[in-house]
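Down below is the structure, laid out as structure tokens.
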Amino acid sequence: VHVVESGGGSVQAGGSLTLSCAASGISEEINAMGWYRRAPGKERELVATVTRGGSTNYADSVKGRFTISRDNAENTVVLQMSSLKPEDTAVYYCHAKNIFGGKYWGQGTQVTVSS
């Protein structure tokens, strides 16, 4: 099973970044895919998720700034981030959950937003 993120980096406040994730080697159908993040000294928190049917859920802190989308056929998910703030600085983790509740995580990708 491989869950691989890409697209992290450094950007100034107000800028944009796009994170991509591809899940492979998962034999069961994937239901939800999404992104979580862990900022220094904080607990991991949900950023955004999207179900196979297209229902989305966003953390209040990113609503209106981040957009999540997925390709069910390719098992990929993309997080478009705009109007980035220094408080968005964190390691972002891709997450996939199959229809039996099994969870898979990527290794994480660093996003750094400077003021």
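The values are calculated or read from the model by the stated rules, or taken from the named source; none is laboratory data. The structure presented is a predicted model; accordingly, all values stated were derived computationally and were not measured. All Cβ positions, glycine included, derive from the backbone under ideal geometry; neighbour counts span all protein chains shown. Side chains included, ligands, DNA and RNA excluded: accessible areas come from the protein's heavy atoms. Shrake-Rupley method; radii C 1.70, N 1.55, O 1.52, S 1.80 Å.
On the given criteria, is N31 in a strand (DSSP E or B) and at pLDDT below 95? Answer is yes for this residue. Would you mind stating whether A32 is small (G, A, S), open to solvent by less than 50 Å² (accessible area, probe 1.4 Å), in contact with a strand residue (DSSP E or B) (Cβ under 8 Å, 6 or more places away or on another chain) and closer than 20 Å to H2 by Cβ? For A32, the condition - small (G, A, S), open to solvent by less than 50 Å² (accessible area, probe 1.4 Å), in contact with a strand residue (DSSP E or B) (Cβ under 8 Å, 6 or more places away or on another chain) and closer than 20 Å to H2 by Cβ - is met. With respect to the conditions (1) more than 14 Å from the chain's Cα centre (by Cα); (2) more than 17 Å from M33 (Cα to Cα), S82 falls short on a single one, namely (1). Could we say that S69 is more than 18 Å from Q110 (Cβ to Cβ), of a type outside the set (D, E, K, R) and modelled with pLDDT of 95 or more here? It is true that S69 is more than 18 Å from Q110 (Cβ to Cβ), of a type outside the set (D, E, K, R) and modelled with pLDDT of 95 or more.
Number of residues in region 1-28 that are under 18 Å from G101 (Cα atoms) and in a loop (DSSP other than H, G, I, E, B) equals 5.
When region 80-115 is filtered for residues that are surrounded by 13 or more Cβ atoms within 10 Å (Cβ to Cβ), more than 16 Å from S20 (Cβ to Cβ) and of a type in the set (S, T, N, Q), the ones remaining, listed by number, are S83, T89, N98, T112. Here is the figure for region 53-71: residues that are assigned to a strand (DSSP E or B) and over 13 Å from the mean Cα position of the chain (by Cα) total 1.
Here V62, V47, V4, V77 are screened, and the one residue that is surrounded by 19 or more Cβ atoms within 10 Å (Cβ to Cβ) and more than 21 Å from V113 (Cα to Cα) is V77.
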